[in-house]
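Q: One structure follows; several queries about it will come next.
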Amino acid sequence: MLGISIYLGNKKMADQEAYIKEMHESGFRSIFTSLHIPEDDSSKYEEQLKELGKLALKLEMELMADISPTSLKALGFDWSNAEQLLNWGLTGLRIDYGVPETTIIELSHKMKIALNASTLTEEALERMKENGLNTDAVEAWHNFYPRPETGIALDDFIEKNKWLKEAGLTVMAFVPGDGELRGPLYQTLPTLEKHRLVPPFAGFMELDKRAYVDKILQTQPNPVAERKAMEERQPIGRMGTPEEIANAALFIASDEASFVTGSNFIIDGGLVAR
């Protein structure tokens, strides 16, 4: 699954709605937002979160929020009734910051829960399972790291993800985009340090093909710049169309291809042969 990050507080939801719809049309099906960013005005969170949730429901997109007890209280909830956020259009919560295991177990029976993939241990996971954790509702989400030289190394990342997958958890990680950088550091936001300055597509391919990641969320996306970069990589100078892919598939399935067997058809505008 592909997803995007949307930040509340500074921008009106009306200004972000067109972008979210565009990303949805491009195949993105998950939205991540954070509810404890200190430089933002928390008084705006409730209204904007409800607007974002309404849009996510309309587009049938997952909406996960990073949350702390303080921000939960500011919204008028606590852990005992946090599932009422589902009525606002949320799918679930990413939980960290010392939330008790008993609370995590209870919430796993009410909504989707994302645990910190970097700090989750085998002992803690087994203990929660033994005490009733609903693993069908639990995923493992890595952080992004704004400060340079603090991102995760690839080898450590892969080893951790192998275990998480063996434990039956869906794994999520972030890849930085080409869009606007946010304060106070104004740096890209990768999970892996090596992805800090690489093109988004290159980071996506490594996470998807090598690193045992199921869900990839992009921070600071810029769809216009990314499409332009992809077109520039194409030898014929443009992206393929759905019709061009479909025509090739129709040929292979037709009687005209009756003598074709054991062949690979690469439909990429010459990208592989470049």
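Q: Only one residue in 199, 184, 176, 190 is modelled with pLDDT under 90, surrounded by 20 or more Cβ atoms within 10 Å (Cβ to Cβ) and not small (Gly, Ala, Ser), so which one is that?
A: The conditions single out 176.
Q: Looking at the structure I just gave you, is residue 123 over 29 Å from residue 176 (Cβ atoms), in the same structural domain as residue 31 (by TED's automatic domain parsing) and at pLDDT 95 or above?
A: The answer is yes for residue 123.
Here is a yes/no grid of residues against (1) at pLDDT below 85; (2) over 31 Å from the mean Cα position of the chain (by Cα):
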site: 216; (1), (2): no, no
site: 230; (1), (2): yes, no
site: 233; (1), (2): yes, no
site: 239; (1), (2): yes, no
site: 244; (1), (2): no, no
site: 247; (1), (2): no, yes
site: 253; (1), (2): no, yes
site: 270; (1), (2): yes, no
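Q: Here's another thing I want to ask about it. Looking at (1) closer than 26 Å to residue 118 by Cβ; (2) surrounded by fewer than 19 Cβ atoms within 10 Å (Cβ to Cβ), which is the only condition residue 67 fails?
A: Only one criterion is unmet by residue 67, namely (2).
Q: Does segment 59-69 include one or more residues that are in contact with a Phe, Trp or Tyr (Cβ under 6 Å, 6 or more places away or on another chain) and closer than 22 Å to residue 7 by Cα?
A: Within segment 59-69, one or more residues are in contact with a Phe, Trp or Tyr (Cβ under 6 Å, 6 or more places away or on another chain) and closer than 22 Å to residue 7 by Cα.
Q: Taking the conditions exactly as written (touching a residue at least 24 places away in the same chain (Cβ under 8 Å), more than 18 Å from residue 168 (Cβ to Cβ), in a loop (DSSP other than H, G, I, E, B) and under 23 Å from the mean Cα position of the chain (by Cα)), does residue 90 satisfy them or not?
A: In short, yes.
Q: Scan segment 7-32 residue by residue and report those that are modelled with pLDDT of 90 or more and closer than 20 Å to residue 214 by Cα.
A: 24, 28, 29, 30, 31, 32
Q: Note down all Cβ pairs under 9 Å where the first residue falls in segment 48-69 and is in contact (Cβ under 8 Å) with a residue 12 or more places away in the chain and within 15 Å of residue 217 (Cα to Cα), the second is crowded, with 20+ Cβ neighbours inside 10 Å and among the acidic types (Asp, Glu), and they're at least six residues apart or on different chains.
A: Qualifying pairs under 9 Å: 64/139.
Q: Could you check segment 113-124 and list, in sequence order, the residues that are surrounded by fewer than 21 Cβ atoms within 10 Å (Cβ to Cβ) and in contact (Cβ under 8 Å) with a residue 12 or more places away in the chain?
A: 116, 118, 119, 120, 122, 124 - these are the residues of segment 113-124 that are surrounded by fewer than 21 Cβ atoms within 10 Å (Cβ to Cβ) and in contact (Cβ under 8 Å) with a residue 12 or more places away in the chain.
Q: Residue by residue through segment 10-21, note down the ones that are in a loop (DSSP other than H, G, I, E, B) and either crowded, with 16+ Cβ neighbours inside 10 Å or basic (Lys, Arg) (or both).
A: Listed by number, the residues that qualify are 11, 12.
Q: Inspect all residues belonging to segment 132-144 and state whether any of them is under 30 Å from residue 51 (Cβ atoms), assigned to a helix (DSSP H, G or I) and in contact (Cβ under 8 Å) with a residue 24 or more places away in the chain.
A: Looking through segment 132-144, at least one residue is under 30 Å from residue 51 (Cβ atoms), assigned to a helix (DSSP H, G or I) and in contact (Cβ under 8 Å) with a residue 24 or more places away in the chain.
Q: With the checklist (1) buried (at least 20 other Cβ atoms within 10 Å of the Cβ); (2) modelled with pLDDT of 95 or more in hand, flag the one item residue 155 doesn't pass.
A: Every listed condition holds for residue 155 apart from (1).
Q: If you take the residues in segment 51-85 that are in a strand (DSSP E or B) and out of contact with any helix residue (DSSP H, G or I) (no Cβ under 9 Å at 6 or more places or on another chain), which one is farthest from residue 109 (Cα to Cα)?
A: Among those that are in a strand (DSSP E or B) and out of contact with any helix residue (DSSP H, G or I) (no Cβ under 9 Å at 6 or more places or on another chain), it is 66.
The values are calculated or read from the model by the stated rules, or taken from the named source; none is laboratory data. Because the structure is predicted, anything quoted here is derived from the model rather than measured. Positions of Cβ are backbone-derived with ideal geometry, glycine not excepted, and every protein chain shown enters the neighbour counts.
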